[in-house]
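Working notes, structure below.
Laboratory data are not the source of any read-out in this text; all were calculated from the coordinates shown. It should be emphasised that the depicted structure is a prediction, and the values quoted were computed from it without experimental measurement. Positions of Cβ are backbone-derived with ideal geometry, glycine not excepted, and every protein chain shown enters the neighbour counts.
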Amino acid sequence: MLQWLDKRLEAQGTTAEDLVRLEHQEQTAMNTTVRNVITSMRLVSALDWSQFFEDVSVVDEILCNASPLPQWIFPPGIFTATR
């Protein structure tokens, strides 16, 4: 059985060792990708998104600074989502 397989692989210009090495390389690359995705998800989940959007929101700044309405109607952070 192994001789038959070796002959078939040789006819295709490869060896069993080459195929095993290629598979290990692909698995290593996939493991690295998965680790990077998990690390990125952890970093994204650690961010205080409510504070981030309040800090970078142009609309919030305009409403707070240019609104003729008293500050107590729309105090900073009123639209912050709670968890």
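Computed values, structure above
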item: Cα→Cβ-extended label distance, 7 Å offset, between I38 and F52, nm; result: 2.1 nm
item: Whole-Hz couplings from phi, Karplus 6.51/-1.76/1.60, listed for segment 50-57; x for Gly and Pro; result: 4, 5, 4, 5, 5, 5, 9, 6
